[in-house]
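Please read the structure below before turning to the comments.
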Amino acid sequence: MSTFKTLDDLPQDLSGQRALVRVDLNLPMAEGRATDLTRVKAVAPTILELSGRGAKVLLLAHFGRPKGERHSTMSLSYVQGAVEEVLDREVMFISEVQGPVVAQSVDILRDGDIGILENTRFWPGEEANDAEFARAIAANGDFYVNDAFSAAHRAHATTEGLAHVLPAYAGRAMEAELKALDAALGNPAPPVAAVVGGAKVSTKLAVLENLSRRVQHLIIGGGMANTFLAANGVDVGKSLCEHDLTGTARTIMDKADEAGCTIHLPYDVVVAKEFAANPPSVRTCNVHEVAADEMILDIGPQATEALGDVLKTCATLVWNGPLGAFEIPPFDTATAALARTAAALTQDGSLTSVAGGGDTVAALAHAGVTDKVTYISTAGGAFLEWMEGKELPGVAALSA
Ligand code: ADP
Ligand code: MG
(Lines give C-alpha, C1' and ligand atoms only; values in the text may rest on other atoms or scores of the structure.)
(Ligands and ions follow the chains in the order given, each with its own letter.)
Protein backbone atom coordinates (compact mmCIF):
# COMPACT_ATOMS: atom_id res chain seq x y z
CA MET A 1 0.00 0.00 0.00
CA SER A 2 1.23 3.45 -0.75
CA THR A 3 2.06 5.14 2.52
CA PHE A 4 0.10 8.04 3.90
CA LYS A 5 0.15 9.96 7.17
CA THR A 6 -2.67 9.54 9.67
CA LEU A 7 -3.80 11.45 12.77
CA ASP A 8 -1.20 9.38 14.66
CA ASP A 9 1.52 11.39 12.90
CA LEU A 10 0.26 14.67 14.38
CA PRO A 11 1.39 15.92 17.81
CA GLN A 12 -0.93 14.63 20.54
CA ASP A 13 -1.67 18.19 21.72
CA LEU A 14 -3.19 20.24 18.90
CA SER A 15 -4.20 23.29 20.94
CA GLY A 16 -3.96 26.49 18.94
CA GLN A 17 -3.91 24.59 15.63
CA ARG A 18 -6.52 24.95 12.89
CA ALA A 19 -7.50 21.72 11.12
CA LEU A 20 -9.10 21.93 7.67
CA VAL A 21 -11.00 18.65 7.39
CA ARG A 22 -12.57 17.48 4.10
CA VAL A 23 -15.65 15.38 4.83
CA ASP A 24 -18.64 14.05 2.91
CA LEU A 25 -21.75 15.96 4.02
CA ASN A 26 -23.63 15.45 0.76
CA LEU A 27 -26.61 14.10 2.70
CA PRO A 28 -29.85 12.88 1.15
CA MET A 29 -32.51 15.51 1.94
CA ALA A 30 -36.28 15.75 2.01
CA GLU A 31 -38.10 19.01 2.77
CA GLY A 32 -34.91 20.70 3.97
CA ARG A 33 -34.00 17.92 6.42
CA ALA A 34 -31.36 15.19 6.19
CA THR A 35 -33.01 11.77 5.84
CA ASP A 36 -29.91 9.64 6.49
CA LEU A 37 -27.04 10.49 8.85
CA THR A 38 -24.67 7.65 7.81
CA ARG A 39 -22.14 10.00 6.23
CA VAL A 40 -21.99 12.25 9.30
CA LYS A 41 -21.58 9.24 11.58
CA ALA A 42 -18.70 8.02 9.40
CA VAL A 43 -16.65 11.20 9.92
CA ALA A 44 -17.64 11.87 13.55
CA PRO A 45 -14.66 9.95 15.04
CA THR A 46 -12.15 12.11 13.14
CA ILE A 47 -13.91 15.37 14.05
CA LEU A 48 -14.29 14.46 17.72
CA GLU A 49 -10.69 13.20 17.99
CA LEU A 50 -9.23 16.41 16.52
CA SER A 51 -11.51 18.49 18.71
CA GLY A 52 -10.61 16.42 21.76
CA ARG A 53 -6.92 16.97 21.06
CA GLY A 54 -7.53 20.72 21.13
CA ALA A 55 -7.67 21.70 17.45
CA LYS A 56 -10.14 24.17 16.00
CA VAL A 57 -11.90 21.95 13.45
CA LEU A 58 -13.06 23.53 10.18
CA LEU A 59 -15.17 21.22 8.01
CA LEU A 60 -14.97 21.44 4.24
CA ALA A 61 -17.58 19.72 2.06
CA HIS A 62 -19.61 20.03 -1.10
CA PHE A 63 -23.38 19.81 -1.27
CA GLY A 64 -25.24 19.15 -4.51
CA ARG A 65 -24.09 20.53 -7.85
CA PRO A 66 -24.19 24.35 -7.70
CA LYS A 67 -21.63 24.58 -10.54
CA GLY A 68 -19.45 27.36 -9.16
CA GLU A 69 -22.22 29.74 -8.02
CA ARG A 70 -24.03 30.47 -4.77
CA HIS A 71 -27.44 28.78 -4.60
CA SER A 72 -29.37 29.41 -1.39
CA THR A 73 -30.98 25.96 -1.71
CA MET A 74 -27.57 24.27 -1.62
CA SER A 75 -26.07 25.99 1.40
CA LEU A 76 -24.30 23.69 3.84
CA SER A 77 -26.21 25.52 6.58
CA TYR A 78 -28.93 22.95 5.82
CA VAL A 79 -26.83 20.14 7.29
CA GLN A 80 -25.61 22.06 10.35
CA GLY A 81 -28.43 20.59 12.45
CA ALA A 82 -27.62 17.04 11.32
CA VAL A 83 -23.94 17.49 12.23
CA GLU A 84 -24.84 18.93 15.64
CA GLU A 85 -27.22 16.04 16.27
CA VAL A 86 -24.62 13.35 15.49
CA LEU A 87 -21.74 15.07 17.32
CA ASP A 88 -24.02 16.14 20.17
CA ARG A 89 -22.19 19.46 20.06
CA GLU A 90 -22.86 23.00 18.94
CA VAL A 91 -21.24 23.76 15.58
CA MET A 92 -20.69 27.20 14.02
CA PHE A 93 -21.78 27.72 10.41
CA ILE A 94 -19.46 30.05 8.44
CA SER A 95 -20.93 31.42 5.20
CA GLU A 96 -17.61 31.59 3.31
CA VAL A 97 -14.82 29.13 2.57
CA GLN A 98 -11.91 31.60 2.33
CA GLY A 99 -11.03 35.20 3.23
CA PRO A 100 -11.57 37.54 6.20
CA VAL A 101 -14.99 36.24 7.24
CA VAL A 102 -13.46 32.81 7.80
CA ALA A 103 -10.42 34.31 9.56
CA GLN A 104 -12.63 36.34 11.94
CA SER A 105 -14.88 33.34 12.66
CA VAL A 106 -11.89 31.14 13.39
CA ASP A 107 -10.66 33.78 15.87
CA ILE A 108 -14.00 33.53 17.68
CA LEU A 109 -13.78 29.73 17.91
CA ARG A 110 -12.03 28.35 20.99
CA ASP A 111 -9.69 25.36 20.97
CA GLY A 112 -11.74 22.23 20.34
CA ASP A 113 -14.61 24.13 18.69
CA ILE A 114 -16.04 23.04 15.34
CA GLY A 115 -17.07 25.11 12.31
CA ILE A 116 -18.64 24.20 8.97
CA LEU A 117 -17.49 26.29 6.02
CA GLU A 118 -19.90 26.98 3.12
CA ASN A 119 -20.38 24.57 0.19
CA THR A 120 -16.99 24.41 -1.55
CA ARG A 121 -18.66 24.06 -4.95
CA PHE A 122 -20.11 27.61 -4.71
CA TRP A 123 -16.64 28.64 -5.98
CA PRO A 124 -15.49 27.64 -9.48
CA GLY A 125 -11.96 27.08 -8.12
CA GLU A 126 -13.13 23.93 -6.33
CA GLU A 127 -13.91 21.75 -9.34
CA ALA A 128 -11.20 23.47 -11.43
CA ASN A 129 -8.70 22.48 -8.70
CA ASP A 130 -7.39 26.04 -8.81
CA ALA A 131 -4.12 26.34 -6.87
CA GLU A 132 -4.85 29.95 -5.86
CA PHE A 133 -8.23 28.92 -4.45
CA ALA A 134 -6.56 26.10 -2.51
CA ARG A 135 -4.00 28.54 -1.08
CA ALA A 136 -6.77 30.96 -0.07
CA ILE A 137 -8.54 28.19 1.86
CA ALA A 138 -5.23 26.99 3.31
CA ALA A 139 -4.55 30.47 4.73
CA ASN A 140 -7.07 29.69 7.48
CA GLY A 141 -5.60 26.31 8.42
CA ASP A 142 -2.41 24.78 9.78
CA PHE A 143 -2.93 21.27 8.41
CA TYR A 144 -5.31 19.35 6.14
CA VAL A 145 -7.15 16.13 6.90
CA ASN A 146 -8.99 14.22 4.17
CA ASP A 147 -11.74 11.99 5.55
CA ALA A 148 -13.84 11.81 2.37
CA PHE A 149 -12.85 8.69 0.43
CA SER A 150 -16.15 8.98 -1.46
CA ALA A 151 -14.86 12.19 -3.10
CA ALA A 152 -11.29 10.93 -3.63
CA HIS A 153 -11.88 10.04 -7.30
CA ARG A 154 -12.23 13.78 -8.00
CA ALA A 155 -9.17 16.02 -8.28
CA HIS A 156 -10.78 19.12 -6.76
CA ALA A 157 -9.21 21.86 -4.63
CA THR A 158 -10.47 20.47 -1.32
CA THR A 159 -10.08 16.78 -2.24
CA GLU A 160 -6.65 17.00 -3.87
CA GLY A 161 -5.20 20.52 -4.19
CA LEU A 162 -5.04 21.26 -0.46
CA ALA A 163 -2.79 18.24 0.09
CA HIS A 164 -0.11 20.07 -1.90
CA VAL A 165 -0.23 23.31 0.10
CA LEU A 166 -0.61 22.04 3.68
CA PRO A 167 0.72 19.05 5.62
CA ALA A 168 -1.83 16.35 4.73
CA TYR A 169 -3.24 13.45 6.76
CA ALA A 170 -5.83 10.73 6.24
CA GLY A 171 -8.71 10.92 8.72
CA ARG A 172 -9.89 7.83 10.57
CA ALA A 173 -12.63 6.92 8.05
CA MET A 174 -10.25 7.36 5.10
CA GLU A 175 -7.61 5.31 6.93
CA ALA A 176 -10.07 2.45 7.58
CA GLU A 177 -11.30 2.51 3.98
CA LEU A 178 -7.80 2.44 2.50
CA LYS A 179 -6.76 -0.40 4.80
CA ALA A 180 -9.85 -2.44 3.90
CA LEU A 181 -9.46 -1.86 0.17
CA ASP A 182 -5.79 -2.75 0.35
CA ALA A 183 -6.61 -6.01 2.15
CA ALA A 184 -9.23 -6.80 -0.52
CA LEU A 185 -7.39 -6.00 -3.73
CA GLY A 186 -4.11 -4.15 -3.13
CA ASN A 187 -2.27 -6.87 -1.20
CA PRO A 188 -4.93 -9.52 -0.61
CA ALA A 189 -4.36 -12.92 0.92
CA PRO A 190 -4.93 -15.49 -1.86
CA PRO A 191 -7.00 -17.16 -3.12
CA VAL A 192 -9.18 -14.15 -3.90
CA ALA A 193 -12.78 -14.34 -5.13
CA ALA A 194 -14.60 -11.42 -6.71
CA VAL A 195 -18.37 -11.30 -7.10
CA VAL A 196 -19.51 -8.95 -9.85
CA GLY A 197 -23.26 -8.62 -10.33
CA GLY A 198 -25.75 -5.95 -11.18
CA ALA A 199 -27.67 -5.06 -14.26
CA LYS A 200 -25.29 -4.53 -17.16
CA VAL A 201 -21.86 -5.54 -18.44
CA SER A 202 -21.51 -2.12 -20.11
CA THR A 203 -21.38 -0.24 -16.77
CA LYS A 204 -18.71 -2.56 -15.34
CA LEU A 205 -16.44 -3.46 -18.25
CA ALA A 206 -13.35 -1.91 -16.66
CA VAL A 207 -14.15 -3.63 -13.35
CA LEU A 208 -14.42 -7.04 -15.04
CA GLU A 209 -11.21 -6.53 -16.99
CA ASN A 210 -9.23 -5.41 -13.94
CA LEU A 211 -10.54 -8.19 -11.69
CA SER A 212 -9.98 -10.94 -14.24
CA ARG A 213 -6.26 -10.08 -14.11
CA ARG A 214 -6.07 -9.95 -10.32
CA VAL A 215 -8.29 -12.59 -8.72
CA GLN A 216 -8.38 -16.38 -8.83
CA HIS A 217 -12.19 -16.69 -8.96
CA LEU A 218 -14.47 -14.27 -10.80
CA ILE A 219 -18.10 -14.94 -9.96
CA ILE A 220 -20.49 -13.30 -12.41
CA GLY A 221 -24.16 -12.91 -11.48
CA GLY A 222 -27.05 -10.52 -12.02
CA GLY A 223 -28.20 -9.33 -15.40
CA MET A 224 -24.62 -9.22 -16.67
CA ALA A 225 -24.31 -13.00 -16.33
CA ASN A 226 -26.91 -13.25 -19.12
CA THR A 227 -24.56 -11.55 -21.58
CA PHE A 228 -21.80 -14.03 -20.65
CA LEU A 229 -24.22 -16.96 -20.97
CA ALA A 230 -25.34 -15.68 -24.38
CA ALA A 231 -21.65 -15.46 -25.39
CA ASN A 232 -21.45 -19.17 -24.55
CA GLY A 233 -24.38 -19.88 -26.89
CA VAL A 234 -27.10 -20.06 -24.23
CA ASP A 235 -30.55 -18.82 -25.29
CA VAL A 236 -31.50 -16.40 -22.49
CA GLY A 237 -35.06 -15.75 -23.73
CA LYS A 238 -36.43 -12.33 -22.73
CA SER A 239 -33.72 -11.74 -20.10
CA LEU A 240 -31.91 -8.44 -19.78
CA CYS A 241 -28.92 -9.09 -22.07
CA GLU A 242 -26.54 -6.89 -24.03
CA HIS A 243 -26.28 -8.96 -27.19
CA ASP A 244 -23.89 -6.43 -28.76
CA LEU A 245 -21.40 -7.14 -25.96
CA THR A 246 -21.16 -10.93 -26.30
CA GLY A 247 -17.85 -10.50 -28.16
CA THR A 248 -16.51 -8.41 -25.30
CA ALA A 249 -17.69 -11.04 -22.81
CA ARG A 250 -15.86 -13.70 -24.85
CA THR A 251 -12.64 -11.64 -24.75
CA ILE A 252 -12.92 -11.22 -20.97
CA MET A 253 -13.39 -15.00 -20.58
CA ASP A 254 -10.35 -15.73 -22.78
CA LYS A 255 -8.14 -13.23 -20.95
CA ALA A 256 -9.25 -14.57 -17.57
CA ASP A 257 -8.36 -18.05 -18.73
CA GLU A 258 -4.86 -16.91 -19.74
CA ALA A 259 -4.40 -15.18 -16.37
CA GLY A 260 -5.39 -18.30 -14.42
CA CYS A 261 -8.68 -16.81 -13.25
CA THR A 262 -11.69 -19.15 -13.14
CA ILE A 263 -14.92 -17.49 -14.25
CA HIS A 264 -18.03 -18.86 -12.54
CA LEU A 265 -21.35 -18.56 -14.37
CA PRO A 266 -24.60 -20.03 -13.02
CA TYR A 267 -25.81 -23.37 -14.35
CA ASP A 268 -29.25 -23.06 -12.83
CA VAL A 269 -31.35 -19.91 -12.74
CA VAL A 270 -34.66 -18.55 -11.44
CA VAL A 271 -36.91 -17.35 -14.26
CA ALA A 272 -40.32 -15.69 -14.59
CA LYS A 273 -42.53 -14.31 -17.34
CA GLU A 274 -43.17 -11.03 -15.52
CA PHE A 275 -41.06 -8.84 -13.26
CA ALA A 276 -43.30 -8.78 -10.20
CA ALA A 277 -43.23 -9.98 -6.61
CA ASN A 278 -43.71 -13.75 -6.37
CA PRO A 279 -45.23 -14.10 -9.87
CA PRO A 280 -47.15 -17.34 -10.59
CA SER A 281 -44.79 -18.08 -13.50
CA VAL A 282 -41.64 -18.24 -11.34
CA ARG A 283 -39.61 -21.46 -11.64
CA THR A 284 -36.04 -22.74 -11.34
CA CYS A 285 -34.39 -24.39 -14.33
CA ASN A 286 -31.11 -25.24 -16.00
CA VAL A 287 -29.69 -22.32 -18.04
CA HIS A 288 -30.30 -24.36 -21.20
CA GLU A 289 -34.05 -24.62 -20.47
CA VAL A 290 -35.05 -20.92 -20.41
CA ALA A 291 -38.17 -20.46 -22.58
CA ALA A 292 -38.40 -17.72 -25.20
CA ASP A 293 -40.89 -15.72 -23.08
CA GLU A 294 -38.99 -16.07 -19.77
CA MET A 295 -36.52 -13.75 -18.01
CA ILE A 296 -33.62 -14.84 -15.80
CA LEU A 297 -34.03 -12.83 -12.59
CA ASP A 298 -31.76 -14.65 -10.14
CA ILE A 299 -29.17 -17.41 -10.08
CA GLY A 300 -30.43 -20.81 -8.92
CA PRO A 301 -29.96 -22.74 -5.66
CA GLN A 302 -27.40 -25.21 -7.04
CA ALA A 303 -25.22 -22.40 -8.41
CA THR A 304 -25.56 -20.55 -5.09
CA GLU A 305 -24.41 -23.59 -3.16
CA ALA A 306 -21.46 -24.16 -5.51
CA LEU A 307 -20.43 -20.51 -5.10
CA GLY A 308 -20.58 -20.90 -1.33
CA ASP A 309 -18.16 -23.82 -1.71
CA VAL A 310 -15.83 -21.60 -3.75
CA LEU A 311 -15.86 -18.98 -0.97
CA LYS A 312 -14.94 -21.69 1.55
CA THR A 313 -11.67 -22.23 -0.33
CA CYS A 314 -10.86 -18.49 -0.49
CA ALA A 315 -9.12 -16.13 1.94
CA THR A 316 -10.40 -12.89 0.43
CA LEU A 317 -13.69 -11.76 -1.14
CA VAL A 318 -14.47 -8.50 -2.90
CA TRP A 319 -18.11 -7.99 -3.91
CA ASN A 320 -19.86 -5.48 -6.14
CA GLY A 321 -23.34 -5.98 -7.55
CA PRO A 322 -26.30 -8.17 -6.54
CA LEU A 323 -26.70 -11.67 -8.05
CA GLY A 324 -30.35 -11.07 -8.93
CA ALA A 325 -33.11 -8.49 -9.06
CA PHE A 326 -32.95 -8.38 -5.26
CA GLU A 327 -35.50 -5.58 -4.83
CA ILE A 328 -38.34 -7.99 -5.51
CA PRO A 329 -38.90 -11.39 -3.84
CA PRO A 330 -38.03 -14.16 -4.48
CA PHE A 331 -35.22 -12.78 -6.69
CA ASP A 332 -33.26 -11.69 -3.58
CA THR A 333 -32.70 -15.32 -2.56
CA ALA A 334 -29.26 -16.03 -4.05
CA THR A 335 -27.77 -12.67 -3.05
CA ALA A 336 -29.00 -13.08 0.53
CA ALA A 337 -27.81 -16.71 0.75
CA LEU A 338 -24.32 -16.03 -0.58
CA ALA A 339 -24.07 -12.92 1.62
CA ARG A 340 -24.88 -15.04 4.67
CA THR A 341 -22.24 -17.62 3.67
CA ALA A 342 -19.67 -14.83 3.27
CA ALA A 343 -20.67 -13.39 6.64
CA ALA A 344 -20.38 -16.79 8.38
CA LEU A 345 -16.93 -17.42 6.89
CA THR A 346 -15.87 -13.92 7.93
CA GLN A 347 -17.10 -14.51 11.47
CA ASP A 348 -15.18 -17.83 11.53
CA GLY A 349 -12.04 -15.90 10.61
CA SER A 350 -11.34 -17.71 7.34
CA LEU A 351 -12.43 -14.89 4.99
CA THR A 352 -11.72 -11.17 4.65
CA SER A 353 -14.82 -9.76 2.93
CA VAL A 354 -15.13 -6.29 1.44
CA ALA A 355 -18.18 -5.06 -0.48
CA GLY A 356 -19.34 -1.81 -2.05
CA GLY A 357 -21.75 -0.20 -4.52
CA GLY A 358 -25.06 1.57 -4.00
CA ASP A 359 -27.33 -1.41 -4.61
CA THR A 360 -24.85 -3.85 -3.07
CA VAL A 361 -24.91 -1.94 0.23
CA ALA A 362 -28.73 -2.12 0.16
CA ALA A 363 -28.73 -5.82 -0.79
CA LEU A 364 -26.32 -6.76 2.00
CA ALA A 365 -28.32 -4.73 4.51
CA HIS A 366 -31.45 -6.56 3.32
CA ALA A 367 -29.59 -9.85 3.93
CA GLY A 368 -28.80 -8.68 7.47
CA VAL A 369 -25.01 -8.99 7.15
CA THR A 370 -23.93 -5.33 7.29
CA ASP A 371 -22.04 -5.78 10.57
CA LYS A 372 -20.86 -9.33 9.84
CA VAL A 373 -18.61 -8.72 6.83
CA THR A 374 -15.16 -7.16 7.20
CA TYR A 375 -15.92 -3.84 5.51
CA ILE A 376 -18.70 -2.23 3.48
CA SER A 377 -17.76 0.78 1.40
CA THR A 378 -20.50 3.35 0.88
CA ALA A 379 -18.28 5.35 -1.46
CA GLY A 380 -20.14 4.69 -4.74
CA GLY A 381 -18.18 6.16 -7.66
CA ALA A 382 -14.84 6.15 -5.82
CA PHE A 383 -15.30 2.48 -4.87
CA LEU A 384 -16.05 1.50 -8.48
CA GLU A 385 -13.04 3.42 -9.83
CA TRP A 386 -10.90 1.66 -7.26
CA MET A 387 -12.37 -1.69 -8.45
CA GLU A 388 -11.35 -0.64 -11.94
CA GLY A 389 -7.76 -0.38 -10.72
CA LYS A 390 -7.57 3.39 -11.17
CA GLU A 391 -5.41 5.59 -9.00
CA LEU A 392 -7.67 7.99 -7.08
CA PRO A 393 -6.26 11.55 -7.11
CA GLY A 394 -7.36 12.33 -3.55
CA VAL A 395 -5.58 9.22 -2.27
CA ALA A 396 -2.50 9.74 -4.44
CA ALA A 397 -2.11 13.30 -3.10
CA LEU A 398 -2.12 11.98 0.47
CA SER A 399 0.59 9.48 -0.41
CA ALA A 400 2.87 11.96 -2.19
P1 ADP B 1 -24.35 -1.51 -7.57
O2 ADP B 1 -25.18 -0.27 -7.37
O3 ADP B 1 -24.16 -2.26 -6.28
O4 ADP B 1 -23.05 -1.22 -8.27
P5 ADP B 1 -25.76 -2.19 -9.99
O6 ADP B 1 -26.38 -0.84 -10.01
O7 ADP B 1 -24.75 -2.50 -11.01
O8 ADP B 1 -25.18 -2.50 -8.52
O9 ADP B 1 -26.88 -3.30 -10.16
C10 ADP B 1 -28.04 -3.37 -9.38
C11 ADP B 1 -29.25 -3.66 -10.22
O12 ADP B 1 -29.11 -4.83 -11.00
C13 ADP B 1 -30.48 -3.87 -9.36
O14 ADP B 1 -31.42 -2.86 -9.65
C15 ADP B 1 -30.99 -5.25 -9.76
O16 ADP B 1 -32.38 -5.32 -9.84
C17 ADP B 1 -30.38 -5.41 -11.15
N18 ADP B 1 -30.32 -6.82 -11.52
C19 ADP B 1 -29.63 -7.81 -10.93
N20 ADP B 1 -29.84 -8.98 -11.54
C21 ADP B 1 -30.69 -8.75 -12.55
C22 ADP B 1 -31.30 -9.57 -13.57
N23 ADP B 1 -31.06 -10.89 -13.63
N24 ADP B 1 -32.13 -8.98 -14.45
C25 ADP B 1 -32.36 -7.65 -14.37
N26 ADP B 1 -31.83 -6.82 -13.45
C27 ADP B 1 -30.99 -7.36 -12.55
MG1 MG C 1 -26.53 0.77 -8.69
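Brief remarks on what is shown
- Pair list, Cβ under 6 Å, 6 or more apart: the range 166-182 residue modelled with pLDDT of 95 or more, other residue of a type in the set (D, E, K, R) and open to solvent by 20 Å² or more (accessible area, probe 1.4 Å): Tyr169/Lys5
- Wholly within the range 275-384, strands (runs of 3 or more DSSP E) carrying at least 2 residues that are over 17 Å from Ala193 (Cα atoms) and open to solvent by 10 Å² or more (accessible area, probe 1.4 Å): 283-286, 295-299
- Condition met for His153 (on the phi < 0 side of the Ramachandran plot, more than 16 Å from ligand 1 (Cβ to nearest atom) and not small (Gly, Ala, Ser)): no
- Selection within the range 11-43 - crowded, with 19+ Cβ neighbours inside 10 Å and without any contact (Cβ under 8 Å) to a residue 24 or more places away in the chain: none
- Test: Ser202 is small (Gly, Ala, Ser), outside any helix (DSSP H, G or I), surrounded by fewer than 17 Cβ atoms within 10 Å (Cβ to Cβ) and within 16 Å of ligand 1 (Cβ to nearest atom): yes
- Subset tally (residues that are hydroxyl-bearing (Ser, Thr, Tyr) and in contact with a strand residue (DSSP E or B) (Cβ under 7 Å, 6 or more places away or on another chain)) for the range 79-110: 1
- Lys238 being touching a strand residue (DSSP E or B) at 6+ places or on another chain (Cβ under 7 Å), at pLDDT 95 or above and over 18 Å from Thr316 (Cβ atoms): yes
- Looking at Leu240, Leu229, Leu208, just one residue is touching a helix residue (DSSP H, G or I) at 6+ places or on another chain (Cβ under 7 Å), within 13 Å of ligand 1 (Cβ to nearest atom) and open to solvent by 40 Å² or more (accessible area, probe 1.4 Å), and that residue is Leu240.
- Tabulated pairs, the range 342-362, first in contact (Cβ under 8 Å) with a residue 12 or more places away in the chain and at positive phi, second within 16 Å of ligand 1 (Cβ to nearest atom) and open to solvent by 40 Å² or more (accessible area, probe 1.4 Å), C-beta under 8 angstrom, 6+ apart or interchain: Gly357/Leu384
- Filtering the range 211-226 to residues that are part of a loop (DSSP other than H, G, I, E, B) and either open to solvent by 10 Å² or more (accessible area, probe 1.4 Å) or outside the structural domain of Gly358 (by TED's automatic domain parsing) (or both) leaves only Gln216.
- Pairs meeting the criteria (first residue in the range 110-128 and assigned by TED's automatic domain parsing to the domain that holds Thr46 and in a loop (DSSP other than H, G, I, E, B), second residue open to solvent by 10 Å² or more (accessible area, probe 1.4 Å) and basic (Lys, Arg), beta carbons under 6 Å, at least 6 apart or on different chains) are Asp113/Lys56.
The values are calculated or read from the model by the stated rules, or taken from the named source; none is laboratory data. The structure displayed is predicted, hence computed values, not measured ones. Heads up, the Cβs are rebuilt from the backbone with ideal geometry, glycines too, and the neighbour counts pull from every protein chain shown. Protein only, heavy atoms only, side chains kept; ligands, DNA and RNA dropped before computing areas. Shrake-Rupley method; radii C 1.70, N 1.55, O 1.52, S 1.80 Å.
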